[in-house]
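Okay, structure first, notes after.
The values are calculated or read from the model by the stated rules, or taken from the named source; none is laboratory data. All of these numbers come straight from a predicted model, not from anything done at the bench. Quick reminder, even Gly has a Cβ in these numbers, built from the backbone with ideal geometry, and neighbours come from all protein chains shown. Each accessible area value is taken on the protein alone, full model and side chains, heavy atoms only, with ligands, DNA and RNA left out. Shrake-Rupley method; radii C 1.70, N 1.55, O 1.52, S 1.80 Å.
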Amino acid sequence: MSRIQLGTYADRNGVLHGESVDLREIADRFGTPTYVYSAGAIREAIAGYRKGLGTVPHRICYSVKANPCQAILRIMAREGVGADLTSVGEMKAALHAGIPAEQMVFSGVGKRRDEIEAGIEAGILMFNLESPAELECVDEIAQRLGKRAGIAVRINPNINPQTHPKISTGLSKNKFGIPTDQAIDLYRRAQHMPGVEIRGIACHIGSSLIDSGPLLEACTLMLGLRKRLIDDGIPIPYLDLGGGLGIQYHKEVPDSPQRYGERLRERLGDFDGTLILEPGRSLVGNAGVLLSTVLYRKVNGERTFVILDAGMNDLIRPAMYGAEHEILPLRADEGPTEVVDVVGPICETSDTFVSQGELPRLEPGDRVAILSAGAYGMAMASQYNGRPRPAEVLIEGNRFRLVRKRESIEDLWRLDIEEE
Ligand code: LLP
């Protein structure tokens, strides 16, 4: 049975490598669970978008929520990639990594006043507004500061992204964006507000799309809306189509960034503005793996359980979205496979990475890589069950370095205030 190989993670002499690094070396040096990222894979994904989009004027704004590690943000900065933000925390992290404010967009239904103020002061490109009340708030704060805030209205296009309901955002029953018919009116109001400058129109219909059809459908709808606004005398230089492109987790293979870029380019035709994309997962998802060690095997009646030292606190996606991440032993095993449940040590039944999956036989002490874990892995990790968050390591070619320390046990209560 040939093993799945994902981008820069491939076997060499029967051992899984990230670029030219033997992943066992990383596990030995830093222990497990540890997140590992391939800089090359991130750069390839960025280059794919650029190649596909070709001559379409564009700005890629990396969705920081997918993975806010400074080392990754610094790669983005060096590659000229901007940022899609969801909080002032992400803005400060992106600024700290060297991403210029004028390459940042700020989305989210609940921006606080202090966050809006910080965004205006920093000079971000635009706030993607999600309600009429938020427009009033941005205008008022900008006027008070004697500034003009760049804005876009985030449209809720009511398009079904055909993805997991927990990460669908573009349906009218979802909390995100503003319905098309209300948006035109909002732009008219914004036009006369001294504190705002209309810069764009935005949408984001959902995440982890295997079929980019709905993303293209959203593109067409947004182009029509932009034209209507321009015909109404409202200039819209930026068209922001959000993120959403899926990655390979298992057998399903979505469009590559390059293919998606090409399809967008065709769709955009003679588009005369600047396109913004907010990819998160498709830039970093396949670039990351979570290394873990098998602790025990046990048999409960019919079921065989393989128990890992990584749990749902380290990678919550299987528990939260029923996501299936491929698991590979670092050393390929040509022996017979078995049907097992691969689980973590957390006291929750949902702490299951694989349920009744066919895997090579795993023994205590064996090391495995949980693939496609670069996006929404560490970003959603917690200390649940008294577990310090994992270390993070970055690979570049044949070198690797620790980019975030493993949390210590003391970190578990470091911010607690003890009685005198
Ligand atoms: N832009 C906006 C406004 C978003 O809300 C998101 C993701 C993105 C861009 C980036 O989407 P991407 O390219 O990564 O699909 N925790 C979930 C995913 C939540 C996505 C939230 N919004 C998961 O692990 O699948």
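Go through 314, 309 for me and flag whichever is within 16 Å of the ligand (Cβ to nearest atom), in contact with a Leu (Cβ under 7 Å, 6 or more places away or on another chain) and of a type in the set (Asp, Glu).
Only one candidate qualifies: 314.
Any residue in region 18-34 that is among the basic types (Lys, Arg) sitting within a Cβ distance under 8 Å of a residue that is open to solvent by 50 Å² or more (accessible area, probe 1.4 Å)? List the pairs, counting only those 6 or more apart or interchain.
24/331; 24/367
Quick check, is residue 372 within 16 Å of the ligand (Cβ to nearest atom) and surrounded by fewer than 16 Cβ atoms within 10 Å (Cβ to Cβ)?
So residue 372 fails the test.
Filter region 375-401 for residues that are charged (D, E, K, R) and more than 19 Å from residue 8 (Cβ to Cβ) and give the result.
Correct list: 387, 389.
Checking the conditions here, which among 295, 291 is modelled with pLDDT of 95 or more, open to solvent by less than 10 Å² (accessible area, probe 1.4 Å) and more than 13 Å from the ligand (Cβ to nearest atom)?
Numbers: 295 fails: open to solvent by less than 10 Å² (accessible area, probe 1.4 Å).
Only one candidate passes the filter, namely 291.
One residue is enough: does region 374-385 have a residue meeting the conditions of a type outside the set (Val, Ile, Thr) and free of Cβ contacts under 8 Å to residues at least 60 places away in the same chain?
no
Any idea which residue in region 91-123 is farthest from residue 184 (Cα to Cα), counting only those that are within 14 Å of the ligand (Cβ to nearest atom) and of a type in the set (Val, Ile, Thr)?
Once the filter is applied, the top-ranked residue is 105.
Scan 295, 275, 291 and give me the residue that is touching a Ser or Thr at 6+ places or on another chain (Cβ under 7 Å), in a strand (DSSP E or B) and not hydroxyl-bearing (Ser, Thr, Tyr).
291
Return the pairs, sorted by first residue and then second, in which the second residue is assigned to a loop (DSSP other than H, G, I, E, B) and surrounded by 20 or more Cβ atoms within 10 Å (Cβ to Cβ), the first residue lies in region 189-214 and is at positive phi, the beta carbons are less than 6 Å apart, and the residues are 6+ apart or on different chains.
Correct list of pairs: 206/161; 206/163; 206/169; 206/170; 206/244; 208/163; 208/246.
With respect to the numbered conditions (1) touching a Pro at 6+ places or on another chain (Cβ under 9 Å); (2) closer than 30 Å to residue 320 by Cβ, which one is the sole condition not fulfilled by residue 176?
Only one criterion in (1) touching a Pro at 6+ places or on another chain (Cβ under 9 Å); (2) closer than 30 Å to residue 320 by Cβ is unmet by residue 176, namely (1).
Does residue 18 satisfy the condition of being more than 16 Å from the ligand (Cβ to nearest atom), open to solvent by less than 10 Å² (accessible area, probe 1.4 Å) and assigned by TED's automatic domain parsing to the domain that holds residue 396?
In short, yes.
Name every residue in region 19-42 that is touching a helix residue (DSSP H, G or I) at 6+ places or on another chain (Cβ under 8 Å) and not in a helix (DSSP H, G or I), in order of residue number.
Of everything in region 19-42, those that are touching a helix residue (DSSP H, G or I) at 6+ places or on another chain (Cβ under 8 Å) and not in a helix (DSSP H, G or I) turn out to be 19, 34, 35, 36, 37.
Taking region 127-182, which residues are more than 13 Å from the ligand (Cβ to nearest atom), more than 19 Å from residue 226 (Cα to Cα), open to solvent by less than 70 Å² (accessible area, probe 1.4 Å) and touching a Gly at 6+ places or on another chain (Cβ under 8 Å)?
Within region 127-182, 138, 139, 141, 142, 149 meet the criteria.
Kindly list the number of the only condition in (1) surrounded by fewer than 22 Cβ atoms within 10 Å (Cβ to Cβ); (2) not in a strand (DSSP E or B); (3) not assigned by TED's automatic domain parsing to the domain that holds residue 54 that fails for residue 313.
Only one criterion is unmet by residue 313, namely (1).
Out of 211, 185, 240, 231, which single residue is among the acidic types (Asp, Glu), within 13 Å of the ligand (Cβ to nearest atom) and in the same structural domain as residue 58 (by TED's automatic domain parsing)?
Selected residue: 240, the only one of 211, 185, 240, 231 that is among the acidic types (Asp, Glu), within 13 Å of the ligand (Cβ to nearest atom) and in the same structural domain as residue 58 (by TED's automatic domain parsing).
Here are the criteria: (1) under 24 Å from residue 19 (Cα atoms); (2) at pLDDT 95 or above. Tell me which single one residue 332 does not satisfy.
The number of the failed condition is (2).
Within region 317-344, which residues are more than 16 Å from the ligand (Cβ to nearest atom) and either within 19 Å of residue 27 (Cα to Cα) or crowded, with 20+ Cβ neighbours inside 10 Å (or both)?
Hits for region 317-344 are 327, 328, 329, 330, 331, 332, 333, 340, 342, 343, 344.
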